Amino acid sequence: MTVLLKHNKCSCGFLGVRVVRTCMSVVGELSYEYTKSLKISLKMQTSDERPKLYMDEHKLKQDPHDYGLADDPFDIESFKKKFKIIVVRYQGNELEFDMVGVHPGIANAFRRLMLSEVPSMAIEKVYIHNNTSIIQDEVLAHRLGLIPLKADPRLFEYRGDESDQGAEQDTLDFELKVKCSRHKDVKESSNFDSIYKNHKIYSGQIKWLPKGKQAQIYSESDVGPIDDDILITQMRPGHELDIRLAAVKGIGKDHAKFSPVATAFYRLLPEVKLKKDVVGKDAFLLQKCFSPGVIGLDENDRAYVKNARYDTCSRNVYRYPQLADVVEMARIRDHYIFTVESLGALKPDVIFIEAVKLLKSKCRKFLDEIEAP
């Protein structure tokens, strides 16, 4: 949003309102395009018409006919024709999709919203009644806070006063109560698991304590830790933990433990062109200069571009004089490859939709402030 407003350079605020209204249209179109279908055909301009950044050995070179996306006049009808979202891969908690035809400020806004403003549930309060293990209280509390929970944050409210014990609408209570002891029937062994009981403490040993009518709405499998095999600490006979935990709703901007994603990032679509025929040993060498799957070899050992999407733009080809003038590498400046990996509480497509809703609400709020008398 800041980038878009910056280029309007007006003090009266009229153009600022126009820009925010435009962003509202963009966000609305984003939401419509993505929810309409997870797989749509990609109808784009020809490769030569699209804005590019060329990659030389030591620098980036801009297309001489491209004056930058910031100077492009924005038209909503033109945007609707160019804008596309196509889902490339969706496996488990990982989503890869292409967003085509948007300003980099908008693409980056979605990335930041997914990381820091889409909420999730996490352990915020740790009440340690007893801890005789070797791990310090503050370190133990920090480790417990980073355990991801299954609870859907959309079903809870933000907690108001931090001094209270919370209510069933905004708090989830848990308990970790374990004691390490020695098995009496085992004398000597090199396997600690066979000698000691509760030798290793895992996240699966955290028990949910329903609050109010929560037991009628949720089950422990709906709100407990996402993974049961996260190691919290190790103990020996005589060590004991007696801890009560309180989980609340929060956002990653306040603390990273509230971020719903393990990672959310984008990169520009690579483009690789061969300007000359490359055969024989040079073709094999050229193939090794790129990531697997980028350069292929036909039956005559002639190199060809198989799939430029997988290129990491390492520029290793410039290390070899005989290949330096063979390849033209570029990146498409309005084609973003997004990768979103969810922790599991929300599916990655849901996280993206929530980010779209957040940006729309921010634009609406800004418009209301500008238009207020």
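The values are calculated or read from the model by the stated rules, or taken from the named source; none is laboratory data. Since this is a predicted model, take the numbers as computed values, not measurements. Here the Cβ is made from the backbone with ideal geometry for all residues, glycine too, and neighbour counts use every protein chain on show. Ligands, DNA and RNA are stripped out before the accessible areas are found, and what is left, the full protein with its side chains, is counted by its heavy atoms. Shrake-Rupley method; radii C 1.70, N 1.55, O 1.52, S 1.80 Å.
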Mean projection area, nm², convex hull over Cα of segment 120-258: 9.3
Computed over segment 266-327, Cα set: Rg, Dmax in Å: 11.0, 36
Spin-label pair E328/K177, simplified geometry with 7 Å Cα→Cβ offset, distance in nm: 7.2
Loop-located trypsin sites (Lys or Arg not before Pro) in segment 130-200 whose Cβ has at most 14 other Cβ within 10 Å (DSSP): K184, K187
L274/Q234 FRET efficiency (R0 45 Å; Cβ-Cβ; nearest 0.05): 0.20
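Report the FRET efficiency, 1/(1 + (r/R0)^6), for R309 and A107, where r is their Cβ-Cβ distance and R0 is 25 Å, rounded to 0.05. Can you show the working numbers first?
Values: r = 17 Å, r/R0 = 0.68.
So the FRET efficiency works out to roughly 0.90.
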FRET E, pair D222, S189, Förster distance 45 Å, beta-carbon r, rounded to 0.05: 0.70
Segment K197-D301, length gained on full extension (0.36 nm per residue, minus Cα span): 31.2 nm
Under 11 Å from the L209 label point (7 Å along Cα→beta-carbon), backbone N, segment 120-142: 127-129
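Report in % the part of the accessible area of segment 120-258 that belongs to carbon and sulfur, leaving out ligands and nucleic acids; probe 1.4 Å. Write down the numbers at each step before the final one.
Details: 3600 of 7690 Å².
Of all accessible area on segment 120-258, carbon and sulfur atoms account for 47 percent.
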K288 paired with E49, simple spin-label distance in nm, labels 7 Å along Cα-to-beta-carbon: 4.2
Estimated distance in nm for a label pair at A256 and E157, the labels positioned 7 Å out from Cα along Cα-to-Cβ: 3.2
Full-extension gain in nm, E371 to E96, via 0.36 nm per residue minus C-alpha separation: 95.2 nm
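Which pairs in the list K207/K249; K84/K360; K82/K306; K84/K275 are over 22 Å apart, alpha-carbon to alpha-carbon?
Numbers: K207/K249 19 Å; K84/K360 18 Å; K82/K306 25 Å; K84/K275 30 Å.
Violating the 22 Å limit, Cα to Cα: K82/K306; K84/K275.
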